[in-house]
1. Quick check for you: with a 1.4 Å probe and neighbouring chains kept, what is the accessible area per residue of the protein assembly as shown, in Å²?
2. DSSP loop chymotrypsin sites (Phe, Trp or Tyr not before Pro) in the range A:884-939 with at most 10 other Cβ atoms within 10 Å of their Cβ, which ones?
3. For the pairs A:225/A:313; A:568/A:643; A:921/A:1002; A:524/A:641, flag any whose C-alpha to C-alpha distance is greater than 19 Å.
4. With contacts defined as alpha carbon pairs under 8 Å and 6 or more residues apart, what's the relative contact order of chain B in percent?
5. According to a simple spin-label model (label point 7 Å from Cα along Cα-to-Cβ), what is the distance in nm between residue A:559 and residue A:643?
6. What spacing in nm lies between the two simple spin-label points modelled at residue A:813 and residue A:882, each 7 Å away from Cα in the Cβ direction?
7. What lysines sit close enough to residue A:125 to cross-link, taking a C-alpha to C-alpha distance under 17 Å and skipping anything fewer than 8 places away on the same chain?
8. Between the range A:908-947 and the range B:302-339, what is the separation of their alpha carbon centroids in Å?
Amino acid sequence: MPKRKDLKKIMIIGSGPIIISQACEFDYSGTQACKALREEGYKVVLVNSNPATIMTDPQFADATYIEPVTPEVVEKIIAKERPDALLPTLGGQTGLNVAVEVAKRGVLKKYKVEMIGADRKSIEKAEDRDLFKKAMQKIGLDLPRSINIKSMQEAKKAVEALGMPIVIRPSFTLGGTGGGIAFNTQEFEELVARGLEYSMIHEVLLEESVLGWKEFELEVMRDRKDNVVIICSIENFDPMGIHTGDSITVAPAQTLTDAEYQIMRDAAIRAIREIGVDTGGCNVQFAVDPRNGRMVMIEINPRVSRSSALASKATGFPIAKIAAKLAVGYTLDEIPNDITKETPASFEPAIDYCVVKIPRFTFEKFPGADTTLGTSMKSVGEAMAIGRTFKEALQKGLRSLETKRNGLDSVISAMEFDSPQHLREFVTKKLRQPHDTRIFYIGDALRIGMGTSEIHDVTGIDLWFLENIKEIVDFETSLKDAAVGSGADLKTRLTPPLLEEAKKMGFSDRQLAAIFSAKEDGIKELRKSDGIKTTYKLVDTCAAEFEAYTPYYYSTYETEDESRPGSKTKIMILGGGPNRIGQGIEFDYCCVHASFALKEAGFETIMVNCNPETVSTDYDTSDKLYFEPMTKEDVLNIVDKEKPWGVIVQLGGQTPLNLTLALKKAGVNIIGTSPESIDIAEDREKFKIMLDKLKLRQPPNGTARNFEDAKSVAGRIGYPVLVRPSYVLGGRAMEIVYDEDTLERFILEASRVSGEHPILIDKFLEDAVEVDVDMIADGETFVIGGIMEHIEEAGIHSGDSAMVLPPYSLSDEMINKIRQATVAMARELRVVGLMNVQYAVRDNKLYVLEVNPRASRTVPFVSKAIGVPLAKLAARVMAGAKLKDLGFTQERIPEYSSVKESVFPFNRFPGVDIMLGHEMKSTGEVMGIDDDLGRAYMKSQLAAGQNLPLRGTVFVSVRDKDKRSIIFIVKRLIDLGFNIIATQGTANALKKNGIKADSIHKVYEDRPNILDYVKDGKIHLIINTPSGRIPREDEVKIRSTAIMHGVPCITTISGAQASANAIEVLLKKDLDVTPLQAYHKKAIRNVEAKG
Amino acid sequence: MKKAILLLEDGFVLEAKSFGAEGETLGEVVFNTSMTGYQEILTDPSYKGQIVAMTYPLIGNYGTNPEDIESGRPWADGFIVKERSRIFSNWRGTVSLEDYLIKHRIVAAEGIDTRALTRRIRSSGAMRGVLSTRDFDTDSLKKKVMSWPVMVGRDLVRDVTCKQAYDWPGSETRKEFFVVAFDYGIKYNSLRLLDRAGCKVRIVPAATNAEEVLALKPDGVFLSNGPGDPAVLDYTIREIKKLIGKVPLFGICLGHQLLGHALGGKTYKLKFGHHGGNHPVMDLETRKVEITSQNHGFCVDMDSIKDKDAILTHVNLYDKTTEGLRHRKLPLFCVQYHPEAGPGPHDAGYLFGRFTEMMRTFKKRRGIRVP
C-alpha cells in the first residue's frame, strides 16, 4: 500500500531530557523518524524540551517546539499547529504517556488528530498490567502468575498465594521506577508502599518470581497488512531479576534451539497482533526456565525502545525509520533495505557476528547509593561491541566502557586476603549480589579456581556464557605461562600463533603488555612484524548473502578485510563513547554536526564510536562508521587503515581528548586547535603564564602532586580551596575543602583519578556569579557564541547549574570585559574551532576559572538559542574554512531569553542527598525559551519535571546566612497567595520581619513532622538551603523524600528567587508556545567582539 | 586440535581446525544464513552432496538432542563453522555437536573465516570443494575437486530415499485424509505437519510408480524435498505426470521442481542458491509476505510453463525467483521453499491447510462424479 495522502502534517513527541532509562536512543529514533517523514513530503511538528538533541535542530522539522513535554503543552501545540496525526511511539515512555494523557483529555478528538502507529487502546493494553495479562491469556500465552493490588492489605493477601521472593511492579512508570524484588516481609512492605506511590494510577502488580530464569527479547515490526518480522533476538547475560537496561545483553540469542526460538517468535507475533500495534516496532520480553524450558511472556513495549536502538545498531536495520514509514501507510515490502539496496525491508536480518552490550554505571557520583542491581534501572549509558565471537565482543565491550579496564581484567588483589578461604568467600559474595562490576568478579572467580557450575549456581548466569569467559581466563593463563617462559625478548615469548589467538579472543594490546611486562606500542610493533592484521568486516543485515553498500564496519582478526578506503580527502571524527554523567548527548550532537557539515563541504567523514544509543552511530550519519572502542589501540588501527587527512578530537568530550597525545605521537594530523594549545589550557603553570601576559585574573591557585604540596598551596592562598584533578570532565573528584583534614582525604581521591597529571588547587570564591562563554575562532576571526549567566552561585558544577542566555544581572561593562578576555585568550591560544571559558564575577572583578579549547556541554544549547550551528561551523573551520566565508563574524544576542536547566537522577537513588556541588550529577538538560525571562525559567522548570506550584504551601528552612535574603522571597510568595510553613528557627526569623509563618516539627522532633506533611501532599514547594558544608541527616531526608514524592525542592537562594519570579509571571498570564524557527526570525542584536 | 583444510575449485584455500570425524569429504560448498537450527540442517537429506558452511559464527551452543532431527541421520557431506562451542547449554541438549558429528562420521572444521568464504561463494557461485583432515597438499586436493562431479546432472535422491514404504507413526488422533508421500529426501517436519493437519501418511520410495500409488487410493500425494538436480530425475517426473489431475498434489522444494518438470517445464541452477531462514516470499494471491525457510540450488523457470496453465503463486522478494505455483484447473500446487520449517519460521505452515482443503474439495467433487 502506498503512503497515506490524507495526512499532511504529523506531530512527533520527543522524550525530553536525558534521564536514566531514557537516553539519546530516543534522539536517534526521533531524528530518523523526522527525516523519514519529511522525505515522504509530510510536514513535521516536533516537541522536545531537550536542546542537545539532533531532532530539535530546526532543519529536522517544519515547526520545532523546544517546550516542556507535558499534556498541557502538547495540547497548546496541537491547537496552534492543527496536525492531522500524532505519532506517539518514538519518544520513549514519556512520549507514550503524554500521548495517552492527551487522548484521554479528548484533545485529539477535539482537534481531529489521529494517533498513528499505536492507538490509545493498544498502548493501554500493553501498559496496563491487567489488560495485558488478559490479552496474553486470551491468546494462550503463559505468564508468571500474578495479582494486581491497590492497597497494602490486598498485597499481604496476594503474597500468601504467590510466595517469596516476589516481584513488585508499579503500573505506568518509567523504566521500572519503584519496582523491585522482595525476599522478606520487610522488603516486601517497603517496596509495595513505594510502588503504590510511584505508579501514576496507584496500582502495583505482584508477580511470581522468575528470578534466575533466562531472559530474552525480540524486536518485532508489523505493517498495516499484518506482515510481521523479527529484527533481532537478544539474550540477556544477566538472568531475570536485573533490569534489561542494567544487564549485559547479547545479540543474537545464543542458547535457544531453532525449535525453541520459533516458538518464541510465534508468541511474539501473536502478542503484537493481539495488542494491536498496527504499525511499527515493538519490544517483547520473555523469560525461560532453564530447568524445563517453560517460556513466559514478561512484557511488551509498544514503541521503539532502548533495545530497538540496540537492535538497529546490532543488525543495520533502522527500526525507527522504518516504523515512521509504516505509520504513514507503507508496507514492509515496499520499503527498500538501505544497506543492500536491492532487497526489501520485509525480511529478518541475519547476522554473522556477536554483539555484546554492556551498561555503564556512575555510582561514584552518588555516595551512599545502593549499587545492587534490580528491576529498577540504574545505569546511565552503555557501550556496544561487535566481534566474530562472544569472547572477542565481550573484551572489546569491556574496554569500551572507559572504566580503566582493558578487557576482562582482574579486579582483586589476592594479597589483601589472609587466606584463600577468605578470598573465595569475598568473591562469592561479590557474585551473589548483582552489581556494576560483577562481570570482572566472574573472571576472578575463575582465576582463583572456582568452577563454572559453582558460579552458575550463585549467579544464575548461563553456563554457555561462563564457559566462554573461562576460555578467556584459561587462555590468559597460558599467556602468563608464556610470559615467564624462556627467552628474554618479547617475540620469543609471545609467539605469532599465541599473539594471533590472543587478538582473536579480544585481548587488547594493553592487556598483553601487562601480562608480558612490555609496552603497549611494543605489542603493536610485534603485531606488525608478525603480519597479524586487524581486519574490518561489514554489518550488512544479511550475513554477506548480498552486496552491501553501507560502510558500517567492526574490527576483528580474520583472514579477509572488507574495508575499502576511498580516495577522497578524509576527516575522522572521534565520538564520546558510552554516556555517563558529564559526557553525554551534547558531545554526540557536536560530532554529528561536524560530520554533516564536513560531508556537505565535500569531505569523506569517518565516525568512530561505540555508543549504540547515539545518532553518531547511525550508519546514515557519516560516510563511514567504525563501531569500535574509543581506545588508542582501536583508533590507531583505523587510522592505519584509512589514513585520514585529519582527525577531530575536540568535539567528543574528554574521551577523544584523552587520546590526543597518543595520536599526535603516532603522527596523526589533529585538526583544529593544536594539542600544544590544549596543553597550555590544561597545564596550570603554562596557563598562569598566559593569563599574566594577558593581564587576566584568576583565583589564587597552585598545583600539587601530594598532600605536602597541597598543604603549602592551601596555606598560601587560604581556605576554602577547590581541589580537583586535571584532565577530567564532569567534576569527578572535585571538592571544596575548608580545612586541612578534609584536604588530606581529597588529595588521595583526586590523585587516584588524576593519574600522572598534577592536582589543581584554587581559591574558592564564595558567592560569586558564574558565567560560561562559548566562542568560535578560525585563527583570524573570533566570535562569541553565547554568554551564559548561571542562576546558582559559584560552587555548583556548571553542568548542574541553570543558565540564562543572554545574562540577566551583569552590567554591560562586565559583559564587555568578558568578551574581551575571551577573545584575548582565544587569540593567544590560536584557537581554531570552539572554546569554552568559565568565569566568576565577584565584587565587580572578573576571574578566569577555566578555559577549554574544545566543544563544551553548552554548545547545543547556545546553538539553539542563537540560531547558529556552532559545531558545524567549528568543524568547517577546523578543516580550513574561514568564518568570514561561512558568514558568521558577529555575536548574535537574542532579544528573548533562553534558560538551560539540569535534570537529576535522584529518584533512582533513594536516600541520596540531592544537594549540588562541584561533582556533576545531572544526566541531562532542558531548555526554556520565552520573550520573558521569568516565563522561560518557568518553562525550563516544567520541562525538568519541577512542577512549580501556583498556589499552596511552601516549606522554608534555610541556613542562618540565608535568613536575610529569604525574607524578600517569602514576602513575594505570600503576596502571590502561598501559605508558608517553616522550621522553628526560620519561622522566628520571618516573624521578626513581620511575616506570618506556621512552624512545624523537624524530622526528629514530634509527629507529625515535615516528612509526614510531604508524604501527605500538604507541601507544594520546598526551599531548603543546606545548613553547613556537611549536610545534616534530617535535611537529606527532607530533600530525598521530596524528590520521591515529586515535590519541587529548591536548594539555593538564587534558585528560589528565580522560581518566585516564574510563579509570578505565570500567575499573570498562562504560558504560550512558539516554535524555534519563529524565535530565530526574531530581532537579534549583532555585536562585534574586539579583543 | 587437528588441522583441516578447505579448498574450493577456484583455488580458494582456508586453513582450519578439524572438530568432527577425521577424513576427507568432497561436495558442493554452500552457505546457510540461519542463526539457529544446525541439527535440523545437518539431518536434512537435501544437503546430501553438499558441504555446509554456517554464516552465524557460534555453532553448537545448545548441543544436539534426540528430537530436533529431520531424518534418521545427518546427511550433509561436511560442516564448516567459525567457532564450535566447547560446551552446550540447553535443557534439551544431550550430546555435544562435536560428538554428534564424530558419531555420524561427518567431517567438520572450525576456525574458518566463514564470512570470507560466503563472500567468495556469493561472487563465484556455488562450487565444488574438498574438506580434508588428511591431505594438505593443495595440488592433490585441487585434482580431487576437479574430478568430483558437479551438482548439475547429479541424481542424489537415490542415496537418500527410503528403501521401502513405511507408515508415519503420527499421533493417535483420527485422520481425515490418507496421503502418500514420495520420499525424495523427505524431512520429518513435513510428516509431522501433515500428521497435525489430519493426514495419515505412507512414505514411499522415490521410484515408486504411479499405479502403485493410486492403488493405495490416497486422498492426496505429497512430493517431498530432496537433494540434487531435478532435471535428471526422469523416473520420478514420468510418474508424477501420471498422477496430475488424478489426485491432489502438493510439492515442496525438489517436489516443486519435479512438478514443474512434470508440467512440461524446465529448471535452472541458481548461482549460489538459497539456504537460510529469512527470505521474504510474497503470496501473490493475498499479497502478504511470509518469512521462509529456504534450501535449494535449482529453480523452476516460469517462462518454460507459461502455456501449461501453470500460475505463479509465490515469488521471492529478494531475487524475484519462482517460489510457488499452481495449476489453473487441476488440483496441484507446490512451493520452492519450506513451509514445514525445521529449521526456520512457521509463517508458511498454512500451506498444509491449503493442501487438506484441496483434498477435501477434491473428495467432494469425486463423490459427486462417482456415486
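The values are calculated or read from the model by the stated rules, or taken from the named source; none is laboratory data. Quantities reported herein were computed from a predicted structural model and do not represent experimental measurements. Positions of Cβ are generated from backbone atoms using ideal geometry, with glycine treated the same way; all protein chains shown enter the neighbour counts. The area values use the complete protein model at the heavy-atom level, side chains included, leaving out ligands, DNA and RNA. Shrake-Rupley method; radii C 1.70, N 1.55, O 1.52, S 1.80 Å.
1. Working: 49460 Å² over 1462 residues.
I get 34 Å² per residue for the protein assembly as shown.
2. Of the chymotrypsin sites (Phe, Trp or Tyr not before Pro), not one in the loops of the range A:884-939 has a Cβ with at most 10 other Cβ atoms within 10 Å.
3. Beyond 19 Å between Cα atoms: A:225/A:313; A:921/A:1002.
4. 15 percent
5. About 2.7 nm, to one decimal.
6. Computed distance between label sites residue A:813 and residue A:882 equals 3.7 nm.
7. Once the sequence-local lysines are set aside, what remains near residue A:125 is A:104, A:133, A:134, A:138.
8. First find each Cα centre; the distance between them is then 63 Å.
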